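Colleague: Structure provided below as structure tokens; questions to follow.
Bear in mind these aren't lab numbers, they're just calculated from the coordinates by the rules spelled out. These numbers come from a predicted model, not from an experiment. Note that we place each Cβ from the backbone using ideal geometry, even for glycine, and neighbour counts take in every protein chain shown.
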Amino acid sequence: MFQLKIKQMGEKVLGIRLEGNPKNPEPEHFRVVLPFGNVDITRCTDNTYWVHIKNNRPDDGGLSDRIMGKFIDGRIDLSTKHTSDCNAGDFGHPDMYHMAVKIGESTVSASRKGD
């Protein structure tokens, strides 16, 4: 079993460091569970990473006791543009250095499956 050390990374920040070192491999999949979804980090065989952000949805199955989620906002930051001038077409631009996605509780309940 892998043991990841949680470290202080700022005044109000706790975190872990995924090293990507094949000689000292971390788990292939790391998950942070939120009340209405989760964030997954998956290491690929070429030592790149996928970062997944998922909301709980009514059709997920077996989640009747979970809070449903929704995407609220998002942004992409490029070093060559103001944030307000960026859009989804800039995703993957060589000057892109940051992206953020805001998720929260949805008004859709798990009991409304199929609506």
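Colleague: I'm trying to understand the selection: among the residues of region 1-53, which are part of a loop (DSSP other than H, G, I, E, B) and polar (S, T, N, Q)?
Modeller: Let us first name the residues in region 1-53 that are part of a loop (DSSP other than H, G, I, E, B), namely 1-6, 9-13, 16-28, 35-36, 44-48.
Passing the criteria: 3, 21, 24, 45, 47, 48.
Colleague: Which of the residues that make up region 73-105 are free of Cβ contacts under 8 Å to residues at least 60 places away in the same chain, in a strand (DSSP E or B) and more than 21 Å from residue 41 (Cα to Cα)?
Modeller: Here is the first cut: in region 73-105, the ones free of Cβ contacts under 8 Å to residues at least 60 places away in the same chain are 73-102.
If we keep only those that are in a strand (DSSP E or B) as well, we get 73-78, 96-102.
Hit for region 73-105 is 78, nothing else.
Colleague: To continue, here is another question. What pairs come up if the first residue lies in region 9-35 and is without any contact (Cβ under 8 Å) to a residue 24 or more places away in the chain and closer than 30 Å to residue 104 by Cα, the second is surrounded by 11 or more Cβ atoms within 10 Å (Cβ to Cβ) and among the aliphatic types (A, V, I, L, M), and their beta carbons are under 7 Å apart, counting only those six or more places apart or on different chains?
Modeller: Hits for this filter: 15/9; 16/4; 32/39.
Colleague: Where residues in region 16-53 are more than 10 Å from the chain's Cα centre (by Cα) and of a type in the set (Asp, Glu), which of them is nearest to residue 69 (Cα to Cα)?
Modeller: 28
Colleague: A further question follows. Sort out which residues of region 51-66 are without any contact (Cβ under 8 Å) to a residue 40 or more places away in the chain and farther than 18 Å from residue 101 by Cα, and write them in order of number.
Modeller: 60, 61, 62
Colleague: So if I check each of 103, 67, which one is of a type in the set (A, V, I, L, M, F, W, C) and within 15 Å of the chain's Cα centre (by Cα)?
Modeller: Values: 67 fails: within 15 Å of the chain's Cα centre (by Cα).
Criteria check complete, one pass: 103.
Colleague: Separate question: Determine whether region 36-50 contains at least one residue that is of a type outside the set (A, V, I, L, M, F, W, C), surrounded by 12 or more Cβ atoms within 10 Å (Cβ to Cβ) and touching a residue at least 60 places away in the same chain (Cβ under 8 Å).
Modeller: Yes: one or more hits.
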